[in-house]
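J.: Questions regarding the structure given below will be posed in turn.
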Amino acid sequence: CQQAPAAARGMRGVTTWEARGGAPLGPPAFVFDIDGVLVRGRHVLPAALEAVKKLSTGGRWRYPVCFMTNGGGVCEARKAAELSDKLGVRVREGQVILSHTPMRDLVPELGDRPVLVAGRGGV
């Protein structure tokens, strides 16, 4: 964000764009929960397909989009491929955040120490 006008600088809890009375700078971005919001079981929800139509053109996203879930059980690349097939638009591995994705940042710190990891399947 850019610096707020002088009149708004002393306002606590107010972002620059709120103080300016406008929208945030840059394009909008969208984050979707996967399980139960876009997909229920093996079925894509109709509203999800409608949202995808509005946010993509020619199989490409028009805005920054990412997908999150507290589920796991597969790697990010596999989940991205599944979403690509179901939604009809390419989803890259880097657009998918699974419950275990943040743990990757701990590898440098804990990589040579004993760690208990619980899960299922081929993760």
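J.: With the structure loaded, tell me whether Arg104 is surrounded by fewer than 11 Cβ atoms within 10 Å (Cβ to Cβ), out of contact with any helix residue (DSSP H, G or I) (no Cβ under 6 Å at 6 or more places or on another chain) and at pLDDT below 85 or whether it fails that test.
T.: In short, yes.
J.: Taking the stretch 62-96, which residues are touching a residue at least 24 places away in the same chain (Cβ under 8 Å), surrounded by 15 or more Cβ atoms within 10 Å (Cβ to Cβ) and either assigned to a helix (DSSP H, G or I) or more than 13 Å from the chain's Cα centre (by Cα) (or both)?
T.: Answer for the stretch 62-96, where residues must be touching a residue at least 24 places away in the same chain (Cβ under 8 Å), surrounded by 15 or more Cβ atoms within 10 Å (Cβ to Cβ) and either assigned to a helix (DSSP H, G or I) or more than 13 Å from the chain's Cα centre (by Cα) (or both): Gly72, Gly73, Val74, Cys75, Glu76, Lys79, Leu83, Lys86, Leu87, Val89, Gln95.
The values are calculated or read from the model by the stated rules, or taken from the named source; none is laboratory data. Computed from a predicted structure; not experimentally measured. Note: ideal-geometry Cβ built from the backbone for every residue, glycine included; neighbour counts use all protein chains shown.
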